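Beneath this line is the structure, given in structure tokens, with notes to follow.
The values are calculated or read from the model by the stated rules, or taken from the named source; none is laboratory data. Just so it is clear, the model here is predicted, and its values are computed rather than measured. Heads up, the Cβs are rebuilt from the backbone with ideal geometry, glycines too, and the neighbour counts pull from every protein chain shown. Heavy atoms of the whole protein, side chains included, go into the accessibility calculation; ligands, DNA and RNA do not. Shrake-Rupley method; radii C 1.70, N 1.55, O 1.52, S 1.80 Å.
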Amino acid sequence: MSKHRLSPAPLPAAKRQHTNLDHRLLSTPLLNFDISLYDELVLNIFAHLSWIDLCAIQSTNRYWSRLATDNQLWKAQFIREYGRLRLRGSRGFVARRDGREVKPLPHIAKGNGDDHIDWKWMFRISSNWRRGRCEVERLKEPEISESLMGYAPHSCALLAGPITVTTSPGQLLSPPVYLHQRGSVPYILKGKHRANTATHITSLSLDQSPPSSGGSTLRVAAFYDTGEFTVFLIDHNSPQHSRRSVSYFPFTKSDRTAPIRQAAYHHPLLVTLSHSFHLSLYNLSNDTVVHTQTLTSFTSFPPTSMVLTPGSRNYRLVLAYSTPVYPAHWNAAVTVLTISSCQPSSANLPLSSKDDEDASESAQPCTVIATRTVRSYDLPAGWIDEKALRLMREQWGRKVARVADTQTDGKWVFWLAHASIGSTSCALQLYRLHLPSSPSGSSVSTASSWGALRMTFVRMLHGHAGPVVALALADGRCVSSWRGWERRAWGVEVEAPHRAMWGSGGSDSERRALRQSSSEREVPMGTPLGTVVFDERRIVTADSYGIDVRRFDI
């Protein structure tokens, strides 16, 4: 039986499936920014963003967050913003090609290369320095009561790796040295004394020589107002393992030994400077103390600052101080001394002539073999023209009646004028120091082989609203402290050397009390009123009101 033939009329259109997406789209993924480009292309786009934009896009999604935290991306941001491959900080244990030494960079893992440097964390620390963002901690010693604050001598402080070393400001039979480690009770060290009399520590000095391979022990020298000093061995990983190493007892207390205001230590050479400007050199080889030489100056006065750096065969000591200017003023001066090695040479003979080419080889160990001095104000000899007269008048305008502090790092010199009672401003003078160089192929040895030592004025820095009591200078960064509450950081090796950061703390009543106490008494010039030390992560200030630690690694 044949089938029924269909009608020639067209059939109705078939019904569409009730779905949200066409079947053709189901087999092809959606195109978006995350999957359309390779990571390298996205990083190339992110490289054109600022660090503020990089922080903002991290909250977009996980993919953007991972790429925006790329280590090499933040390395480029760090170099673009700060112009260097490391953090600014104090002198440390990693030697540089130019003879200066700085602390190592923060690492997220042990290894060699940039892949182990956390560049984003370095950028955060440097940004905190610039913006004044820090965490403030006050350190207290049990021997000093709150009632003595503001009247006792100020404490001394320095930074030894993760350890903060402080002293007690009071007069005690055996003044303690405190080793502060974050999150633990401070460990106490005490020196050895011959006389049973009350004394206090006048200065601290950290050994700048590299530690032994794999070692964690540092040397710290503590100087007492009796003329004695003690060298401690400090384990910065385990402070409880620290101990006393060697002590020095002078025959009598004299201007050479007490009080010591400045000291520079690069084992085995120790250089001390007393308040009466007696420069003494000691050889600390084989755990013994041998006094080798003492120099005296009658035209140099505190406040002072010293930087000691080793060379191939000799040491170089840069000493900044104040020198008088007629009729009753002061200006800055710098003396560079070359010191022979502490290792005895084959020809260990007295120094007969500084013009001899082999003078350094015949010099006694740990003795001065050459010196050079330059002042910020020098009166030219003979007749002068109008240009020289104009320069001399500019120099004459920078003389001051009193000096508060002087600091140098071997490259820059900060000179701080003492603000008078009732003054509302305080200016810092910045100088660039051009050190002499020795002839190629020889060490810095003789006076005749030296180049010219020059010190040029750069600019005046203003900012503090009152008298500054302490300065610290290292690695192109200067930190100044106004008693009690204000701190400023000055960067001198950037495009804008006047750029400053400041941080403050304390209530209005405390600030008024500090201003009143600062204006009630005048002290002799050169008398230290406080101490400021810093590294790439911390600022420690110590004065008669206590010890404050400001941390920027937050």
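Before moving on, here are some points about what is shown:
- If R0 is 41 Å, the Cβ-Cβ spacing of I188 and N61 corresponds to a FRET efficiency of close to 0.15.
- Computed FRET value (nearest 0.05) for T371 with S209, which takes r as the C-beta separation and R₀ as 22 Å: 0.40
- Under 5 Å from the amide H of C342 lie the amide H atoms of C366, each residue being 5 or more positions distant or on a separate chain, with H modelled from the backbone and absent for Pro and chain starts.
- C156 long-range amide H proximity, modeled H, under 5 Å: T167
- HN-Hα J in Hz across region 404-415 - Karplus 6.51, -1.76, 1.60, θ = phi - 60°, x for Gly and Pro: 8, 6, 9, 9, 8, 10, x, 10, 10, 10, 9, 10
- For region 163-257: accessible area per residue (Å², 1.4 Å): 44 Å²
- Scoring 193-201, 383-391 by mean Cβ neighbours within 10 Å over their residues and listing the highest first yields 193-201, 383-391.
- Residue ranges 308-318, 75-85 sort as 308-318, 75-85 when ordered by packing (mean number of other C-beta atoms within 10 Å per residue, highest first).
- Links that overshoot a 31 Å alpha carbon limit, given the list K120/K411; K253/K399; K120/K140; K190/K411: K253/K399; K120/K140; K190/K411
- Anisotropy class of region 247-328 from Cα gyration tensor, a/c 1.5 cut: oblate
- Label sites at N286 and L379, each approximated as a point 7 angstrom past Cα along Cα to Cβ, lie 5.2 nm apart.
- Between S312 and H116, the contour length at 0.36 nm per residue exceeds the alpha carbon distance by 67.4 nm.
- Scoring 45-52, 280-287, 409-416, 184-191 by mean Cβ neighbours within 10 Å over their residues and listing the highest first yields 409-416, 280-287, 184-191, 45-52.
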